[in-house]
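Chemist: Here you go, one structure.
The values are calculated or read from the model by the stated rules, or taken from the named source; none is laboratory data. Just so it is clear, the structure is predicted and the values come from calculations on it, not from any experiment. Cβ placement follows ideal geometry from the backbone for every residue including glycine, while neighbour counts extend to all protein chains displayed. For the accessible areas, the whole protein counts, side chains as well, though only heavy atoms, and no ligand, DNA or RNA atoms are used. Shrake-Rupley method; radii C 1.70, N 1.55, O 1.52, S 1.80 Å.
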Amino acid sequence: MKPANFPCSGLPLHGRISCSLCHTEPMVFDKTRAWSKERDWRITANPLAWGNSRPEILVLGFSKGPSQSGELERVTHNDVPYRKGRTQVGKILAHVGLLPAADPAHLKMMVDHAIADTNGRFGWGSLIRCTVERFEIKKQEWVGSGGMIDEFMATEFGKRVSVACATRFLRDLTPVTKLIVMFGLGARGSYVATARKAIEAARPGSWQTVNEVAYTDGAITVVHVEYFASQGANIPNWLGQNAHPRSRLGLLARQAASSALAN
């Protein structure tokens, strides 16, 4: 059964999502948690959605990161996603042809508007809607999932949660939705492979490889782009600002996105 704030079809409505699929306890938003068997990973029940629930383009991060988890009571809903990285999000989306080229300030403004727009072209969320955290033994504290995508997806807990979340939120997309933009490539494309496994399990069908960063079932195309908070020169290299082999991945993403929206 879908949560109460789902429309009849498509994605959840802009706002908080009432979903306890991966939790055995009654859901208390941003309080209820589920742990891995080893108790080294946990998820917090705070799923959220932004933008249009029937979008042409769905933009997904991995999960809410360290700058978002635990701050949901004091940060307004529209300020939560990509809070410290919206300029980079704008640059990446413009590079693949989904936003017009503009200076950094205007790109950030366009992302601000698109996240808040419930009737626009975009829907926004994450592959795993709950916050993902890992217990850091050296620090003796729970830390956010940024930079730990590969490790989480390799665990049995991560596989179970990712497939459950993809099934709940990506299986019954409307025909309006043609493209999923997924932030993150992983080491040597590892996140492309692991995310694909979760999505294929959620949406059984005839999946085909488009190119190194994209795959399709004929109805939707998933295109992986550079992680918006990637460190060092990864983003400039992916954007083609430097003469670097990583720029090829940006061009492949642009080609796949263009093809998906042309069909």
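Chemist: Does region 201-214 contain at least one residue that is surrounded by 16 or more Cβ atoms within 10 Å (Cβ to Cβ), among the hydrophobic types (A, V, I, L, M, F, W, C) and in contact with a Gly (Cβ under 7 Å, 6 or more places away or on another chain)?
Modeler: No - not one qualifying residue is present in region 201-214.
Chemist: Give the residues of region 14-46 that are surrounded by fewer than 16 Cβ atoms within 10 Å (Cβ to Cβ), under 20 Å from the mean Cα position of the chain (by Cα) and in contact (Cβ under 8 Å) with a residue 60 or more places away in the chain, sorted by residue number.
Modeler: 15
Chemist: Kindly provide the set of residues from region 235-255 that are open to solvent by less than 60 Å² (accessible area, probe 1.4 Å), in contact with a His (Cβ under 9 Å, 6 or more places away or on another chain) and on the phi < 0 side of the Ramachandran plot, ordered by number.
Modeler: 236, 237, 238, 239, 249, 250, 253, listed by residue number.
Chemist: Provide a single number: the residues in region 154-196 that are out of contact with any Pro (no Cβ under 9 Å at 6 or more places or on another chain), open to solvent by 10 Å² or more (accessible area, probe 1.4 Å) and assigned to a helix (DSSP H, G or I).
Modeler: 15
Chemist: Given the condition open to solvent by 10 Å² or more (accessible area, probe 1.4 Å), of a type in the set (A, V, I, L, M, F, W, C) and either modelled with pLDDT of 90 or more or not in a helix (DSSP H, G or I) (or both), answer yes or no: does some residue in region 77-92 qualify?
Modeler: no
Chemist: Taking the condition touching a Phe, Trp or Tyr at 6+ places or on another chain (Cβ under 7 Å), within 22 Å of residue 191 (Cα to Cα) and in a strand (DSSP E or B), does residue 143 pass? Full working, then the answer.
Modeler: Details: touching a Phe, Trp or Tyr at 6+ places or on another chain (Cβ under 7 Å): no; within 22 Å of residue 191 (Cα to Cα): yes; in a strand (DSSP E or B): yes.
So residue 143 fails the test.
Chemist: Hey, can you tell me all the residues within region 163-188 that are closer than 17 Å to residue 216 by Cβ and within 14 Å of the chain's Cα centre (by Cα)?
Modeler: If the condition is that a residue be closer than 17 Å to residue 216 by Cβ and within 14 Å of the chain's Cα centre (by Cα), then 166, 170, 179, 180, 181, 182 are the ones that fit.
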